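To start, the structure itself, in structure tokens.
The values are calculated or read from the model by the stated rules, or taken from the named source; none is laboratory data. These numbers come from a predicted model, not from an experiment. A quick note on method: Cβ atoms are made from the backbone with ideal geometry, for glycine too, and the neighbour counts reach across all protein chains shown. To get the accessible areas, we keep the full protein, side chains included, count just its heavy atoms, and leave off ligands, DNA and RNA. Shrake-Rupley method; radii C 1.70, N 1.55, O 1.52, S 1.80 Å.
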Amino acid sequence: MSEIKTIHLKEYKKPAFSIESVNLTFELFEEYALVSNIMSIKKIDETQSILSLDSIDLELKELWINDLQLSDSRYTIEDEKLNVLNVPSAFTLKIINKIYPQNNTELEGLYKSGTIFCTQNEPEGFRCITPYLDRPDVMSVFTTTVIADKELYPVLLSNGNKTQCHDSFDSRHGVTWEDPHPKPSYLFALVAGDLGSISDEYTTASGEYVELNIYCDKGNESKCHHAMKSLKEAMLWDEEKYGREYDLEIYNIVAVDSFNMGAMENKGLNIFNSAYVLADTDTASDANYMGIQSVIAHEYFHNWTGNRITCRDWFQLTLKEGLTVFRDQCFSSDLNSSEVQRIEDVKALRERQFVEDASPTAHPIQPKSYISMNNFYTSTVYEKGAEVIRMIHTLLGEENYRKATDLYFETFDGQAVTTEDFLWAMSEASGVDLSAFKLWYHQSGTPKLEVKESYNNGVFTLSLKQIIPDTVSGKTQQVYFYPLKMALLDENGIELLEKTLLISKELEEFSFEGLSTKPTLSINRDFCAPIIIEEEHSNFSFLMKHDTNSFVKYEAAQSFAIETIEALMRNEGLNEEYIEAYGHLLDLDIDLSYKALLLELPSVSTLMQRMSIVDFEPIYKAKEELSLRLATVFKEKLLNIYTQNHFAKSVELDALSMSQRAIKNRVLRALSSLESQDITLLAKTQYEESLTMTDRVVALDILENTHPTFAQVALRDFYAKYKNETLVMNKYFSILAASDREGTLQRVVALQNDEVYDEKVPNLVRSLVGVFARNYKHFHSKDGAGYSFVANKIIEIDKINPQMASGLCGAFKIYNKMNDISQTLMKVELERIISTQELSKNSFEIISKILKINKK
Ligand SMILES: [Zn+2]
């Protein structure tokens, strides 16, 4: 067990050595693997005599400098380091060491997922494979030979281009891969297995031929076509939008079942959680199809934003992630409905990032310190990071932004750089001064903007006040600089003007003259800035009906619903004006997926975030009351929409079919709050007759929450059909773990013994324990049983896979917003976790932050 150490950005030092080339040979066996690592090393800092390599659990077999095998006196092994003493200016270092991929349950470094050898090295997994300068600013050219049993592992893959096959006479064989592009060790990858595959090809804009392969478990080949199509779409889009082409002869993707993250952009050899590759209409929902398209694109886009230009250190993670998320969001927006995409992205930001930003683990998109870097693959670094890039895009405009990204690629290709370097390119090419904008990288918390309007003698005045939250430790933060898109509408909803205001001071005033009547304000159009608007007004109904900006129309519908629910929570009765406005939404003749979003009521999480002390009961009660009223008043209209858009036998994946499923399932959910026999039967029939996973899962979820008897039959049927399809079983576990019904915890506990469930597979743990931990009703049950169960799981899983355990710790981040009774119950569990012997640094970091914030 290593000691708990905090790493600080301000302590960054340039590497003292460079690694010019690496030659790796892996001999894979059933019990262990032998790694031979030959590095050509040069001193950068001549005063250094000790080469200190990162290394975890090193079992060293041989160590050589040039032709000399080193005796014990020439090196030391200590505290996750291999120190080689008295090294010359330039030399070849050869290390032979032994590792045990079969026993690796952390899923970092080289491990086995089922029968497949695979790797995950970002951020610091490579040091579990072999001693190395395991930091992103050490970039080297890799040659890799993989040797394994011919029959068990016919497919042997690594980064780059395949250059040699070694077919010896015994039962083993080998393949050599050369990657000509210098890269950091976190982008190294290796795969060995008996895999099925599909192949295709792509010709780049400049005429280079690229072989494309997607590998998966045998039998799943037919489920890879959507991923392949998405890959080719992404390759074309990056050429057209950013002028970036692919740069190797081959692009491989491998789908594995046991994976901590979504996917990994290793150079030329992406390794994916199978959830983001495999899909067919019988087993994948429409959301899965969209997710695959976006994640495949995301990893592909990293080839330029991440791989060719990488991060100097891990504090710069948002340099590659914020930018690449922005790129994948724009890609999805270009290929699908842009209005739906924007709303979905904002929803995800608010559900995850806003919650994180208000919690004890809030941090800037460029953190200043960490204990475990694994804990910083957060929605702040990713999604808020993407919003920051989006604001830069708005400030520069499309044309200047493209000039600036061109300059960024030209200037920094092949280098490991910082967010400062990125901002330099943005500013240099566009002439836009971004010095005040930099604060977005260094401050935490979600900024608010207080909006006041007045109208006098034809002049409309907008008074804005920035409200900036303190840091977690109570430090004051400064006001931001950002763009704010707004418009003024006349009494008929006609746009009088649209403007992007630049906000930079604590107090700002903007006046608009020559207006014959008081206009209606449409603010933060397209969710231009990731802020919270605070305004007392009663224009929601008008904006819901008339706003031409699809985001603000949605926002008005949400805000009006929030206002209505909050009034119910205060026992102030139901606002009839809202019911009328909702009826108007039902009649709109617009894109059906967008309409489905407009009809959605605010989530419990959204309502919870607005309370200083959270009490879930009144939220659920008020939301149910409103849902029931809407369903009662509009039953006929809702049923009409359902009938018009429900085609049980349709399995088409075109935009119209998907949007029909979206609206039909939205109204079915709305109707289900009636809990009436006819609606339950409708759901039951949909489950039985529909051919898509989207329809079946929605129906199953409705039955689970409204009709236990029907649910039991349907769940049994579902289980029998899909028990051999792990990805579908994730959905099964999620529905049960998210259930509102009594006895949910008991069922979740029992499901752990199900033959399909495996605590070593992150997807399964996330869909059962992870989903339960976000089931507010049962996780926060008054007897504390939910807390105690999740704490037990954290302690147990921490020993198997620390990264997965610290993910589960997130459920307790709400601690400081709970009432005293809940806090007392939670505290017992948090203290039990933190006092666990040999708790990982991952879980320690999260729990200690949660506990510390409440000491003040
Ligand atoms: Zn990424």
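Some observations on this one:
- When 328, 345 are screened for being within 16 Å of the ligand (Cβ to nearest atom), assigned to a helix (DSSP H, G or I), open to solvent by less than 20 Å² (accessible area, probe 1.4 Å) and among the charged types (D, E, K, R), only 328 passes.
- Condition check for residue 27: over 20 Å from residue 137 (Cα atoms) and not in a loop (DSSP other than H, G, I, E, B): yes
- Condition check for residue 66: on the phi > 0 side of the Ramachandran plot and at pLDDT 95 or above: yes
- Counting only helices (runs of 4 or more DSSP H) that fall entirely inside segment 758-823 and contain at least 3 residues that are within 19 Å of the chain's Cα centre (by Cα) and within 21 Å of residue 112 (Cα to Cα), the qualifying elements are 762-765, 802-809.
- Scanning segment 116-132 for residues that are in contact with an Asp or Glu (Cβ under 7 Å, 6 or more places away or on another chain) and either open to solvent by 10 Å² or more (accessible area, probe 1.4 Å) or not in a loop (DSSP other than H, G, I, E, B) (or both) yields 120, 124, 126, 127, 128, 132.
- Single residue of segment 35-55 satisfying the filter (in contact with a Ser or Thr (Cβ under 8 Å, 6 or more places away or on another chain) and within 29 Å of residue 148 (Cα to Cα)) that is most open to solvent (accessible area, probe 1.4 Å): 38
- Any hit, segment 350-365, residues being in contact with a helix residue (DSSP H, G or I) (Cβ under 6 Å, 6 or more places away or on another chain), within 28 Å of residue 227 (Cβ to Cβ) and either at pLDDT below 95 or of a type outside the set (D, E, K, R) (or both): yes
- Residue in segment 331-342 that is farthest from the ligand (Cβ to nearest atom), counting only those that are among the hydroxyl-bearing types (Ser, Thr, Tyr) and open to solvent by 20 Å² or more (accessible area, probe 1.4 Å): 337
- Within segment 625-663, the set of residues being touching a residue at least 24 places away in the same chain (Cβ under 8 Å), within 14 Å of residue 593 (Cβ to Cβ) and among the charged types (D, E, K, R) comprises just one member, 661.
- Verdict on residue 350 being more than 30 Å from residue 818 (Cβ to Cβ), of a type in the set (Lys, Arg), open to solvent by 10 Å² or more (accessible area, probe 1.4 Å) and part of a helix (DSSP H, G or I): no
- The single condition from (1) more than 28 Å from the chain's Cα centre (by Cα); (2) open to solvent by 20 Å² or more (accessible area, probe 1.4 Å) that residue 653 fails is (1).
- Per-region count, segment 258-309, residues touching a Lys or Arg at 6+ places or on another chain (Cβ under 7 Å) and within 13 Å of the ligand (Cβ to nearest atom): 6
- Residue within segment 455-463 that is within 21 Å of residue 395 (Cβ to Cβ) and of a type in the set (S, T, N, Q) present: no
- When residues of segment 524-568 are limited to those that are farther than 26 Å from residue 445 by Cα and open to solvent by 50 Å² or more (accessible area, probe 1.4 Å), the one modelled with the lowest pLDDT: 538
- Qualifying positions in segment 315-324 - hydrophobic (A, V, I, L, M, F, W, C) and either within 13 Å of the ligand (Cβ to nearest atom) or within 17 Å of the chain's Cα centre (by Cα) (or both): 317, 319, 323
- When 152, 156 are checked against the criterion of being part of a strand (DSSP E or B), over 21 Å from residue 131 (Cβ atoms) and aliphatic (A, V, I, L, M), 156 stands alone in meeting it.
- All told, residue 736 falls short of being closer than 19 Å to residue 281 by Cβ and out of contact with any Asp or Glu (no Cβ under 6 Å at 6 or more places or on another chain).
- Scanning segment 775-785 for any residue that is under 19 Å from residue 355 (Cα atoms), in contact with a helix residue (DSSP H, G or I) (Cβ under 9 Å, 6 or more places away or on another chain) and among the polar types (S, T, N, Q) turns up at least one such residue.
- A count restricted to segment 499-524 and to residues that are of a type outside the set (Ser, Thr, Tyr) and more than 13 Å from residue 489 (Cα to Cα) stands at 12.
- The residue pairs whose first member lies in segment 160-187 and is of a type in the set (D, E, K, R), whose second member is part of a loop (DSSP other than H, G, I, E, B), and whose beta carbons are closer than 6 Å, counting only pairs six or more residues apart or on different chains, are 178/160; 179/159; 179/160; 179/267; 183/139; 183/267.
- Answer residue from segment 175-195, given it is in a strand (DSSP E or B) and of a type in the set (Asp, Glu) and is surrounded by the most Cβ atoms within 10 Å (Cβ to Cβ) among those: 179
- Taking residues in segment 489-518 that are over 22 Å from residue 546 (Cα atoms), and partners anywhere that are modelled with pLDDT under 95, not one pair has Cβ atoms closer than 9 Å while being at least 6 places apart or on different chains.
- A single member of 471, 476, 380 is in contact with a Ser or Thr (Cβ under 8 Å, 6 or more places away or on another chain) and either within 16 Å of the ligand (Cβ to nearest atom) or open to solvent by 50 Å² or more (accessible area, probe 1.4 Å) (or both), and it is 380.
- Residue count for segment 72-104, restricted to those that are open to solvent by 60 Å² or more (accessible area, probe 1.4 Å), more than 15 Å from residue 48 (Cα to Cα) and without any contact (Cβ under 8 Å) to a residue 60 or more places away in the chain: 7.
- Residues in segment 194-207 that are closer than 12 Å to residue 156 by Cα and more than 28 Å from the chain's Cα centre (by Cα): 194 only.
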